[in-house]
């Protein structure tokens, strides 16, 4: 997955890792992240491969085909969302994910690997104490995870 450079995408990145339970609406998976993010630039227009934050449900959504609200093959979110990135996973792979399955979203590797080229991310920027705390927590979580 690649995150875009929107403030909402960056806020989601700062709250990773998160664990949840997958829910499905047709060819959409979503899971709560229990984080309220002030979201602007919400839309009802999504396409296959879009990853979005759904403010009403405090969830991350992955669209890969027809949803319950669709009138054709195009995905339609249950409510306004903010596009935060995209996935390269195929719809065939994503259809194998079932409701009720546990999910853990976390950053692997360098955070710059998850930001689209041309974004406003500045690798030389000094991190705030809060950002340092988040990164340390992620590193400790990854170290404890088998893998």
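The values are calculated or read from the model by the stated rules, or taken from the named source; none is laboratory data. Here the structure is a predicted model, which is why all the values come from computation and not from measurement. Virtual Cβ from ideal backbone geometry, glycine too; neighbours counted across all protein chains shown.
Brief remarks on what is shown
- Matching option when the condition is out of contact with any strand residue (DSSP E or B) (no Cβ under 9 Å at 6 or more places or on another chain) and more than 19 Å from residue 1 (Cα to Cα), among 67, 43, 71: 71
- Residue ID - nearest to residue 15 (Cα to Cα), chosen from residues in the stretch 53-92 that are touching a helix residue (DSSP H, G or I) at 6+ places or on another chain (Cβ under 9 Å) and part of a loop (DSSP other than H, G, I, E, B): 55
- Residue 109 modelled with pLDDT of 95 or more and in a loop (DSSP other than H, G, I, E, B): no
- Positions within the stretch 14-52 being surrounded by 19 or more Cβ atoms within 10 Å (Cβ to Cβ), in contact with a helix residue (DSSP H, G or I) (Cβ under 7 Å, 6 or more places away or on another chain) and either at pLDDT 95 or above or part of a helix (DSSP H, G or I) (or both), in sequence order: 27, 29
- Number of positions in the stretch 11-53 that are under 12 Å from residue 82 (Cα atoms) and under 10 Å from the mean Cα position of the chain (by Cα): 5
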